[in-house]
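Since every read-out is calculated from the coordinates, none of them should be taken as a lab result. If you're wondering where the values come from, they're calculated on a predicted model, not measured in any experiment. Here the Cβ positions follow ideal geometry from the backbone for every residue, glycine too, while neighbour counts run over all protein chains shown.
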Amino acid sequence: MAEPLIFAIPSKGRLKDQVEAWLADCGLPLTASGGARGYQGAIDGFDDVQVRLLSAADIAAALHAGEAHLGVTGEDLLRELGDDMEARIRLLRALGFGRADLVVAAPKSWIDVESMADVDDVAHLYLARTGRRLRVATKYMTQTRAFFARHGVADYRIVESSGATEGAPAAGAAELVVDITTSGATLAANSLKTVADGVILSSQAQLAASLGAPWDAAQMAACRRLLGIVEARGRGRTPVRPSPPSWPPARPPGPTASWSPPPTCSPPPRRWREPAWGRSASPIQPMSSNQPAPRPTHWRDRCVYDSDVKVKTFAASVVQLTGKSKNHPDARQIA
């Protein structure tokens, strides 16, 4: 029997409720095994998909290690995995919820500190006067180092925080903090302010796939089905601006006593169009051909086309990561 596709989702908190609501909105209701306290589940109609409920941080780690095929977690946790994140994980779709910003925050009493350039100046003065480097409390060490390096800030050291990062300056454990925030209320309650250009990442929940997981043809087919439904629902929620009618013609500008459409002006002929789901031949050509297929015009076909392109691109990344040539039987089976 083929191994199921492992789909990891958050096990608790507001993000869990939002993911379950998103799946239900896509027509993919989740059924948990073992009741409310169970950590495994299933999606109705997808017997080849096994749902695992993990913490948001464990989902990011499982995707990076190849222990899960698909997962939903915060982008901030995925980016924190290291510089090789894009080589190990493919972000498939931003889901529009779980939004938060990863920011650099300084005490409100530092009235002259408004930008990262000011932080650099303060770090130099702090080192010159005390002989110690400016302390930055955070649990996002990878992104903090990269962001400070981009802004040329070097005279600092990171103090690893396991929780309650906003309270580090008041406790005397650090001078600055780098933490995730949604509204800034917690920072303000602890007498902290966000540096003007100190937004490291605007994060949200992401549907992501692991490039290091052992993908086979059955798992790739299940992924394609899931993505097709998600893409169709996403396009259904995208507002479409209606185009102005082309008939009847607009009234000519300027004052006129009486006006009527020209006698040759008639409504465009209505042509019967066969429904997209009843056509005998699909307009989407195989992606393995030398020439890429044109993007269909009908919205139903576009949903299928876009999800298929996304899966094909992802499959090519899996083949490239595993080092198999495109003529290898496993590679042909996946692609």
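Compared with the rule-of-thumb size 2.2 N^0.38 Å for a compact globular protein, the stretch 161-230 has a Cα radius of gyration ratio of 1.80.
Taking only the C-alpha atoms of the stretch 100-202, Rg followed by Dmax gives 12.2, 36 Å. Dividing the mean sequence gap of close Cα pairs (under 8 Å, 6+ apart) by how many residues the stretch 1-76 holds gives a relative contact order of 40 percent.
Residues of the stretch 74-99 with amide nitrogen under 20 Å from the 7 Å Cα-to-Cβ point of Glu3? Under 20 Å, as judged by backbone N against the label point of Glu3, lie 88-90 of the stretch 74-99. In this label model, Ala117 and Ala57 are separated by 3.7 nm, measuring between points 7 Å along each Cα→Cβ vector. Beta bridges assigned by DSSP with both partners in the stretch 100-202 are antiparallel in approximately 60 percent of cases. The Rg/Rh ratio for the stretch 1-61 is 0.95, where Rg is the radius of gyration of the alpha carbons and Rh is the Kirkwood radius.
When each of the peptides 40-51, 201-212 is scored by how many other beta carbons lie within 10 Å of its residues on average, the order from highest to lowest is 201-212, 40-51.
A straight chain from Thr194 to Glu160 at 0.36 nm per residue would run longer than the Cα-Cα distance by 10.3 nm.
As a length-normalised measure over Cα pairs under 8 Å and 6 or more apart, the relative contact order of the stretch 100-202 settles at 48 percent.
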